[in-house]
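Only one structure is covered here, and it is reproduced in the block below.
The values are calculated or read from the model by the stated rules, or taken from the named source; none is laboratory data. Fair warning: this is a prediction, and the values are worked out from it, not measured in the lab. Glycine also receives a Cβ, built like all others from the backbone with ideal geometry; neighbour counts cover every protein chain displayed. Areas reflect the complete protein model, heavy atoms only, side chains present, ligands, DNA and RNA absent. Shrake-Rupley method; radii C 1.70, N 1.55, O 1.52, S 1.80 Å.
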Amino acid sequence: MTDTVLIIDFGSQVTQLIARRVREQGVYSEIVPFNAAEAALQRLKPKAVILSGGPASVTEFGTPRAPDWVFKAGLPVLGICYGEQTMVAQLGGGVEGGHHREFGRADIEVTDNSPLFDGFWKKGDTDTVWMSHGDRVTQLPAGFKVIGVSKGAPFAAIADENRKLYAVQFHPEVAHTPRGGRLIGNFVRRIAGLPGDWSMAHFRSSEIERIKAQVGKGRVVCGLSGGVDSAVAAVLIHEAVGDQLTCIFVDHGLMRLDEGKEVVSLFRGHFNIPLVHVDASERFLSALEGKSDPEAKRKTIGAMFIDVFEEEARKLGGAEFLAQGTLYPDVIESVSFTGGPSVTIKSHHNVGGLPERMNLKLVEPLRELFKDEVRALGRELGLPEAFVGRHPFPGPGLAIRVPGEVSKEKLDILRKADAVYLDEIRKAGLYDEIWQAFAVLLPVRTVGVMGDARTYDHVCALRAVTSTDGMTADYFAFSHDVLGRMATRIINEVQGINRVVYDVTSKPPGTIEWE
């Protein structure tokens, strides 16, 4: 069984980042809500536990707590922010709330050496960390000592090294704590003693065996969206069960320029995977007619996809399993661990599968992976780099890049502008520096002058963001020369657009997508 670090989630927006930092050390990690941790202990038999941050206050009645076994099982435990506070409170220490707010960057002073800091901090050092708390520890439980302080947190880092219990008030998982990844690395590798041998090659071989055991001699259908996730899932399943898999590519007409052709070529030509290609673009456009609300468009597209997919799957007959490219963030964000808004935010995810009437069992080989891990697996499986490295693009496609009602004319205009935009990004050598880039056809038209003629055409907005983790994002700072070339080409080559603007909005923690 793979060595696992169990992350108990108390509702922090950045809990996913803890799992990512652990996996960067070559150690498998899994997140569970605090109220499901007891069952996870039996299922995973973890070698270490991390307690996440969260929005609640341990000083209030009924707020989340870690299961008692966490501190009795003899496992190494690391508490982060709320995780520190509940650790202290549950072991007999003191926490006060309401008047100890500390948000943003803070300076920590290391007051004692610790295995948690080996290799980057020693007694007397100061460094920058990221704080986000309204309560603070005021009294340590027996056996603990202070190993770090900040202006607003006299117990910013604490340790009971005999029991291998550690806690920090700051967030080591975020990029704003520069040496936070090394701290988490020390916890899982030095303190917990895990070897760090989990890799995509390891995952590939073990997952293939798992798929074979699950599917047996059964037939599998997989709905391809044209994106990286479903493509990687399909190739992995095909490697496991061969022609027992048939892929169904529902072309809804909302994809980028030539993406449909690329999908067909990749699966029929490169991998020789059985593929049913359905051109349903007219059906989707008809269903979207008169709809302008983005959520209504998402739901319409999702429902139509299910209808078309079900029709084609029924024609094949005999399928027992449905394959999906569900990712770990989809699973996490589609379960509201502490009553948060994640389900509403991520409404386009189809976690849990298609309707029960299809009577198919799910095969979700990627549901334990993050996006960057899926890309690594795709490379391991031999998918072309141009496909694996594509920017994420949500299922509703261009439909939500055309605010307001969707039409074939608008889609054609946007498709051409988007293609020019991405072409210029690639020519400038910037594609791999950007997390996500796309064009949007705004629901306004402006008067302009082109040559000697007056025009009344659409405004095109360009969006590009950078991100290290997919949780926070900032706009990409194109040079004026590059932006100028993009705008000039779009206006000259795309009839129907007479103005181009660039969006410089940053994105706080949460979903990476924009309407």
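Assuming a viscosity of 1.306 mPa s and a temperature of 10 °C, what translational diffusion coefficient in µm² per second does Stokes-Einstein assign to the chain, Rh being the Kirkwood radius over Cα pairs?
My calculation gives 63 µm²/s for D.
List the residues whose amide H sits under 5 Å from the amide H of W435, counting only those 5 or more places along or on another chain, with H placed 1.01 Å from N in the peptide plane.
V465, T466, S467
Between the DSSP loop rule and a limit of at most 15 other Cβ atoms within 10 Å, which GluC sites (Glu not before Pro) in segment 230-324 are left?
E289
Using only DSSP helix segments of four residues or longer, with each worth -39500 (n - 2.57), what per-residue ellipticity at 222 nm results for the chain after dividing by its residue count and rounding to 500?
-9500 deg cm²/dmol
Quick one: if you stick a label point 7 Å off each Cα along the C-beta vector at V264 and W69, how many nm between them?
So the two model labels end up 5.3 nm from each other.
Using the Karplus curve 6.51 cos²θ - 1.76 cosθ + 1.60 with θ = phi - 60°, work out ³J(HN,Hα) for each residue of segment 158-175 in order, rounded to whole Hz, and write x for Gly and Pro.
Whole-Hz 3J(HN,Hα) from phi for segment 158-175: 9, 8, 10, 6, 5, 9, 6, 10, 10, 7, 9, 7, 8, 10, x, 7, 8, 5.
What is the distance, in nm, between label points placed 7 Å from the Cα along the Cα-to-Cβ direction at V146 and at D125?
Taking the two extended label points, one gets 2.0 nm.
Express in nm, to one decimal, how much length is gained between N162 and L483 on full extension, taking 0.36 nm for each residue of separation and deducting their alpha carbon distance.
Details: separation 321, 0.36 × 321 = 115.56 nm, distance 5.81 nm.
Gain on stretching N162 to L483: 109.8 nm.
Summing Lys, Arg as +1 and Asp, Glu as -1, what charge do residues with Cβ under 14 Å from the Cβ of E207 carry, E207 excluded?
Every neighbour counted, the sum reads -2.
Go through segment 1-94 and name the GluC sites (Glu not before Pro) that are in a DSSP coil and have 10 or fewer other Cβ atoms within 10 Å of their Cβ.
When the GluC sites (Glu not before Pro) of segment 1-94 are filtered for loop state and at most 10 Cβ neighbours within 10 Å, E60 remain.
Given a 1.4 Å probe and heavy atoms of the protein chains only, how would you sort R101, R499, largest accessible area at the top?
R101, R499
Taking amide H positions as placed 1.01 Å from N in the peptide plane, with prolines and chain starts having none, which residues 5 or more places from C247, or on another chain, fall under 5 Å of its amide H?
C222, L275, V276
Could you look at the chain and say what percent of its accessible area is carbon and sulfur, using a 1.4 Å probe and all protein chains?
50
For the chain, report the accessible area per residue in Å² (1.4 Å probe, heavy atoms, rounded to an integer).
On a per-residue basis, 42 Å².
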